[in-house]
Structures are given as C-alpha cells and as structure tokens.
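Student: My questions all concern the structure below.
Derivation of every value follows stated rules applied to the coordinates shown; laboratory data play no part. This structure is a prediction, so every number in the text was calculated from the model and none was measured. All Cβ positions, even for glycine, are placed from backbone atoms using ideal geometry, and neighbour counts span all protein chains on display.
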Amino acid sequence: MTAGIAPGDLCPRCLQLVTRKASRLARLVAIVTTLLLAGYLTLTLRSVPPASQVTARAVGAAAAVAWYVLTFRIVQRIALEWLKARRP
C-alpha cells in the first residue's frame, strides 16, 4: 500500500512505463498490419481501369492511413489494460 494511490492503481512512474510499453507494441502491430494492407491494396488496385487509377490510389492511401491510426489506438488501449492487469 502506498499513500495517495487507490487500490489497483499504479504509481505515476509505473503508469508511464506501462504506457510506453503499450505504445511500442501498438506501433509495431500497426506498422506491420498497415504494410500488409498496403501490399494488398497495391496488388488489388492494379486491376482498376486507367481512368480511375488516381482516385483509387487516393482512396487506398486514405484507407491505409486510417487503418494505421485505428489499429494503433485499439491495440494501444488493449495492451495498456493487459499490461496494467499483469503488474504485481
């Protein structure tokens, strides 16, 4: 027991360490899955008619960016909760 910390909470230093680990893990997962998605989109968008290539590439790029951001946020939150629960 530590004064000023509720049962089940982490001290500021421990919370910072857990948050850093969760961010590192989320970044890795987001980068790997985004690269896989970008590869898939590259292969798929080759079959788009030439008249629609510019639009298709723009939509594909926007989808990849959105995928990265959403994956990062979701994995970060899950990893943060998981790592918090594992702390002694």
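Student: Applying the selection to segment 1-20, what residues are closer than 15 Å to ALA79 by Cα and either surrounded by 14 or more Cβ atoms within 10 Å (Cβ to Cβ) or not charged (D, E, K, R) (or both)?
Tutor: The answer is CYS14, LEU15, GLN16, LEU17, VAL18, THR19.
Student: Looking for something free of Cβ contacts under 8 Å to residues at least 40 places away in the same chain and either touching a Cys at 6+ places or on another chain (Cβ under 6 Å) or among the small types (Gly, Ala, Ser) (or both) - is there at least one such residue anywhere in segment 15-33?
Tutor: Checking segment 15-33: not a single residue is free of Cβ contacts under 8 Å to residues at least 40 places away in the same chain and either touching a Cys at 6+ places or on another chain (Cβ under 6 Å) or among the small types (Gly, Ala, Ser) (or both).
Student: Right, something else. Would you confirm, using the coordinates I've provided, whether THR44 is farther than 30 Å from ARG87 by Cβ and without any contact (Cβ under 8 Å) to a residue 60 or more places away in the chain?
Tutor: Here the answer is yes, as THR44 does meet what is asked.
Student: So which residues in segment 1-42 are in a loop (DSSP other than H, G, I, E, B) and of a type in the set (Val, Ile, Thr), if there are any at all?
Tutor: THR2, ILE5, listed by residue number.
Student: A follow-up question, please. Restricting to segment 43-64, give me the number of residues that are surrounded by 12 or more Cβ atoms within 10 Å (Cβ to Cβ), in a helix (DSSP H, G or I) and not charged (D, E, K, R).
Tutor: Summing the residues that are surrounded by 12 or more Cβ atoms within 10 Å (Cβ to Cβ), in a helix (DSSP H, G or I) and not charged (D, E, K, R) in segment 43-64 gives 8.
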